[in-house]
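The structure under discussion appears below in the form of structure tokens.
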Amino acid sequence: MLNKSTVALYLIFALCVFALCLYISFNNPVTSDGASLFLEAKDMADGNILLRGWTLSTVSFYFTEAIWYTIVIRIFGDSIYLMYVLPAVFYTITIMLVFALSHTDGKMKWSIAALIPCVIISSPMASTMTLGTCVHVGTIIFALVCLNMLRCDKHTIAKLACVTTLTVASVFSDSIFNYYITIPIVVTFVVHLLINKDFSKWRYVFAVIVGVVIAKFLTLVANYFGLLNTPGTQPPAFVSYENIPSNL
């Protein structure tokens, strides 16, 4: 159990990170991707929960970001300030999950010092990649929750089911989750198996792989019914070959 001083340290650290992120976020320009997702969430809040009639980009961000914007819009209305506040909240949650993941045996050691680079990343020079809408931070949060669950000594069916559920939601919404969790988990398990001849960690891989399979099935179902249309990017092509020299 965490003592009162540790909880107080967590809260103070979280508030400081949030204040910094919020200050920087309010100085960020609104991107076209961010504006599009905000309009999607507004439409979802108005009842179009499956985004019928929308043509999305390469991924939907449905469960990782859009649904959370929808919930907040339903509660507070469609204020443009949400586009600045929510990214700060998301990034603060990310930092705290990394903090929880970085210390072991209840000892914080140098965890906070190790997080300084993560906090600095949200500085004005790179804030559009960390404090913007649909920049995969929601997916990172899901991935970090999975890692915090998998690192626990006791792995109950409920915890593994949560990992599978988060994997389904993440892969369905943003396939970059596979690079955060799926591939590293599989590769780590194979290396562990080859070196230690230990098959005891199979539950980790099974929970994640099942989640990926279910997510791919749900994607096929959504595509079949024309929901959450994500056509992806088109192959690059020159509009006018005769104007190529003007770019040289």
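In region 112-206, counting only helices (runs of 4 or more DSSP H) that sit wholly within it, the ones holding 2 or more residues that are closer than 24 Å to Val221 by Cβ and touching a Ser or Thr at 6+ places or on another chain (Cβ under 6 Å) span 137-150, 157-173.
When region 13-49 is filtered for residues that are outside any helix (DSSP H, G or I) and at pLDDT 90 or above, the ones remaining, listed by number, are Phe26, Asp46, Gly47, Asn48, Ile49.
Checking each residue in region 141-154 for being at pLDDT below 95 and either touching a Phe, Trp or Tyr at 6+ places or on another chain (Cβ under 8 Å) or of a type in the set (Phe, Trp, Tyr) (or both) picks out only Leu150. Pro124 meets all of the listed conditions (1) within 15 Å of Ser25 (Cβ to Cβ); (2) touching a Phe, Trp or Tyr at 6+ places or on another chain (Cβ under 6 Å); (3) not charged (D, E, K, R) but one, namely (2).
Scanning region 35-54 for residues that are crowded, with 20+ Cβ neighbours inside 10 Å and under 17 Å from Asp174 (Cα atoms) yields Leu37, Phe38, Glu40, Ala41.
Within region 60-69, the residues that satisfy the criterion of being crowded, with 19+ Cβ neighbours inside 10 Å and in a helix (DSSP H, G or I) are Tyr62, Phe63, Thr64, Glu65, Ala66, Tyr69.
Restricting Ser79, Ser5 to residues that are of a type in the set (Ser, Thr, Tyr), outside any helix (DSSP H, G or I), over 20 Å from the mean Cα position of the chain (by Cα) and farther than 30 Å from Tyr224 by Cβ narrows the list to Ser79.
Test Ser57 against the stated conditions and say whether it is touching a helix residue (DSSP H, G or I) at 6+ places or on another chain (Cβ under 8 Å), at pLDDT below 95, crowded, with 20+ Cβ neighbours inside 10 Å and not aliphatic (A, V, I, L, M). Judged against the criteria, Ser57 is not a match. Is one or more of the residues making up region 138-158 free of Cβ contacts under 8 Å to residues at least 24 places away in the same chain, surrounded by fewer than 12 Cβ atoms within 10 Å (Cβ to Cβ) and either among the basic types (Lys, Arg) or touching a strand residue (DSSP E or B) at 6+ places or on another chain (Cβ under 8 Å) (or both)? Checked against the condition, which is being free of Cβ contacts under 8 Å to residues at least 24 places away in the same chain, surrounded by fewer than 12 Cβ atoms within 10 Å (Cβ to Cβ) and either among the basic types (Lys, Arg) or touching a strand residue (DSSP E or B) at 6+ places or on another chain (Cβ under 8 Å) (or both), region 138-158 yields at least one hit.
The values are calculated or read from the model by the stated rules, or taken from the named source; none is laboratory data. Remember, it's a predicted structure, so these values are computed and weren't measured experimentally. Note that we place each Cβ from the backbone using ideal geometry, even for glycine, and neighbour counts take in every protein chain shown.
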